[in-house]
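> A single structure is presented below for examination.
The values are calculated or read from the model by the stated rules, or taken from the named source; none is laboratory data. Just so you know, these numbers come straight off a predicted model, no measurement behind them. Note that each Cβ is placed from the backbone with ideal geometry, even for glycine, and that neighbours are counted across all protein chains shown.
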Amino acid sequence: MCTYITAKLRTEGSGKGAAGWFPLTEATVYFDHPVHASAEHTLNIDFRNPDRGADARVAVELTAETARALAHAILETLDAVPEGLL
């Protein structure tokens, strides 16, 4: 079953693809059938820079458990950063 649950956001950062590093300008997060991961459904994140063409994309497919653990790890890490650095 497809959920069509999708969030899109502007990003600032860099990603590394087959041709090297490139600036990331957007991310799309959605829960759906994976292309490669061996799970029925995954949380999928596409980091992209559409102005640079189809090769400027980094994609991940994570199980729900891994996605939740990653979200917690990101928040814990950011919460631990000294005040003046963020």
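> Glu12 fails exactly one of the following numbered conditions: (1) more than 11 Å from the chain's Cα centre (by Cα); (2) surrounded by 12 or more Cβ atoms within 10 Å (Cβ to Cβ); (3) free of Cβ contacts under 8 Å to residues at least 24 places away in the same chain; (4) in a strand (DSSP E or B). What is the number of that condition?
(2)
> If I filter the range 23-41 down to residues being modelled with pLDDT of 95 or more and polar (S, T, N, Q), which single residue comes out as farthest from Lys8 (Cα to Cα)?
The selected residue is Thr25.
> Right, another one. Within the range 15-86, considering only strands (runs of 3 or more DSSP E) that don't extend past its boundaries, which have at least 1 residues that are surrounded by fewer than 10 Cβ atoms within 10 Å (Cβ to Cβ)?
Ranges flagged: 20-32.
> What's the total number of residues in the range 1-33 that are over 14 Å from Leu43 (Cβ atoms), among the aliphatic types (A, V, I, L, M) and touching a strand residue (DSSP E or B) at 6+ places or on another chain (Cβ under 8 Å)?
2
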